[in-house]
Amino acid sequence: MNEQEIRRIAAEVLAGIAPEADLSTLGDDADLREALDLDSMDFLNFVIGLGQRSGLDIPEADTPRLHTMRGLVAYLSR
């Protein structure tokens with residue numbers, strides 16, 4: 001997956017969890033949980049959705065790597 005595909009998938013998954021959230025307004029290093037006011041369950045559902053849409057198994061231990069868009073893109077593009 002390239003960066004644009006990852007960003008599109010992240011936005012689509014997020015739309016199902018927090019429809020009012022807008023990834024396009026965030027900097028790449030902003031903490032997604034804080035900036036989008038995601039509680040722990042919302043963020044867990046976001047990670048699960050990313051895994052399902054990308055086809056990757058995302059272990060719980062790796063979730064801190066997904067706290068920013070920069071980290072998310074780096075992780076999913078591997």
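Nearest 20 debye, what's the magnitude of the dipole of the stretch 3-76 about its Cα centre given +1 on Lys and Arg Cβ and -1 on Asp and Glu Cβ?
Dipole magnitude for the stretch 3-76 comes out near 240 debye.
In vacuo Debye scattering of the chain, one point per C-alpha: log10 I(q)/I(0) at q = 0.17, 0.20 Å⁻¹?
After summing over all Cα pairs, the log10 values are -0.55, -0.80.
Values in this text are rule-based calculations from the coordinates and carry no lab data. Model, not experiment: these values are computed from the prediction. Heads up, the Cβs are rebuilt from the backbone with ideal geometry, glycines too, and the neighbour counts pull from every protein chain shown.
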